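A short reminder: the numbers here are calculations on the coordinates, not readings from a lab. This structure is a prediction, so every number in the text was calculated from the model and none was measured. Every residue, glycine as well, gets a Cβ built from its backbone with ideal geometry; the counts of neighbours run over all protein chains shown.
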Amino acid sequence: MTPLAVFTLGSYLAEEGIEVEYFDERVQSRRELDAALSRNPALIGVSAITSFQIMRCLTLTRYVKNRCPSAPVVWGGVHPSMCPEGTLAENLIDYVVLREGEETLKELYQFISSGKPDLSSIAGLAWKSEDGSPHVNPERPFLDIEKLPFPYQGRAEELLPRYLRPEAKFPAVGYQMSRGCRHRCRFCYNEFYHHCLNRRKPPDQIREELRRLKSLGVDNIFFYDDSMGGEKSFLRQLVPAMEGLSLKWSASPRINCIDEDLIRDFERVGCQWLFFGLESPRDRILKYIQKGLTRKDIDRGIRVMINSSIITTYSLMIGFPQETYEDSLAVLDFADEIHGRHPSAEIVIQPYAPLPGTDLFREAVEHGFQPPSLLADWSYFTMDRIHTPWLKGRALFKNVYLISFLAFRYQHMLGDIKKYRRIYALAHRLAAFRWRRRWFGFYLEGMIYRLYTGWQYLKARMC
């Protein structure tokens, strides 16, 4: 998918008169990176989330530092924002931009170019003094997103065709109409990152930018918005914005924000896939994680989606700090119930992973979770791994993500993969067999998968 985070930052800086170049190793060659580095960049930026991406970002940072030792490196994105001191502890990293990076990056560039403003006065920046001690400046007020430029312009527009795959079922191009969500789910980054505020572009601006995407050859998009703002009124505004554009699109709204009329309108204006975070079937757990949902809301939403042609994915979670073994089993049983009621739906079950900065993170630490001390170790925080001590002791759940993924998300998520299709088909049948019998032991397929991912992590350390 398109790296919307860096395209958004780059288009803002370009409009401020700063020359910007991008590098995405998924679609660009190392030769292109070397060509950009040969021009002696004033600043090198890296965007990272808590995942495998961190390992690769560290390797690429080391690569660019070796070739441009005088160019400062700034990291940004969700993970560096949540762990600025831990990120700055890496010798390779000179600065961290906290939360939204547009204005902070501009001022940092001005400091590097002219020595002004003073580093300590740049809101939203973390930096190191000469002795290596970290400093975290006060956060920056949120910007007016109506003033953000269209992200797919300039160099980003030139790169856009490399992401387009007309035959693909899964959308490759991301677009964002708003930032933040008004809800306070305790496991989510939103409260820390966006303070539970939802800021939206006006409908006319949204429609015009979608028209521009269409004119660039885009016909399938994914809305990156967090829970689509968490409000039904926002979803209503989306319908006229999409009217007549002939765009296929996907999104992740909250299930209590949909109804029959809205879904019919969504079908009419090109919606092909919706992702819903349900988390748990039990009201006690939903209240505990402050999901803002009830079981009745979930059942009502499922009834709506059963009668829809839109591909539907339901996401469930297990392993919250105060969750009992019976609560976790109830999630597995609920997946069976959903599959019985809505056989065409995709279902994924992921173990809870404590993210720094979230409300539930502090409680997880109190219950024995030990966060990584090194930045590189956060790269192992992927959905297929269990990180909490209380869930590691429950053997039934060790492989639940992989098995549920292969059992219930095979057609859509793996549908674009043409190579090795027979192998994936076999893995799907084995996963469905294991799921029906709750036989998650002696998981040979999982062992093979972990050997593969181990090899990928080894390669990620190589330039």
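Worth a mention:
- Take the chain and mark each of the GluC sites (Glu not before Pro) that is in a DSSP loop with at most 15 other Cβ atoms within 10 Å; the longest unmarked stretch, sites excluded, is 244-463.
- Proportion of all alpha-carbon pairs of segment 287-377 beyond 18 Å (%): 55 percent
- Relative to its residue count, segment 105-178 spans a Cα convex hull of 175 Å³ per residue.
- In the chain, the sites counted are chymotrypsin sites (Phe, Trp or Tyr not before Pro) in DSSP loop states with at most 15 other Cβ atoms within 10 Å, and the longest stretch holding none of them, exclusive of the sites, is 143-419.
- Sum of -39500 (n - 2.57) over DSSP H runs of 4+, divided by residues of the chain (222 nm, nearest 500): -12500 deg cm²/dmol
- Taking the Kirkwood radius as Rh and the Cα radius of gyration as Rg, segment 44-179 has a ratio of Rg/Rh equal to 0.99.
- Listed from fewest to most Cβ neighbours within 10 Å, the set HIS342, HIS79, HIS195 follows the order HIS195, HIS342, HIS79.
- Zero-based 10 Å bins, Cα pair distances in segment 314-362, whole percents: 24, 44, 25, 7
- Take the convex hull of the alpha carbons in segment 80-130; its mean projected area over all directions comes to 3.5 nm².
- Equivalent ellipsoid semi-axes - Cα gyration tensor, segment 182-262, angstrom: 24, 15, 12
- Unpaired by the 4.7 Å Cβ criterion, cysteines found in the chain: CYS57, CYS68, CYS83, CYS181, CYS196, CYS257, CYS271, CYS463
- A straight Cα-to-Cα reach below 26 Å connects LYS287 with the lysines LYS232, LYS296, LYS392, LYS398, residues fewer than 8 places away in its own chain not being considered.
- Rg to Rh, two decimals, where segment 114-262 supplies the alpha carbon set and Rh follows Kirkwood: 1.05
- Share of pairwise Cα separations in segment 4-99, more than 18 Å, in percent: 45 percent
- Estimated translational D of segment 345-455 in µm²/s (Stokes, Kirkwood radius over Cα pairs; 4 °C; 1.567 mPa s): 83 µm²/s
- Size descriptors for the chain (Cα atoms only): Rg and Dmax, in that order, 22.4, 66 Å.
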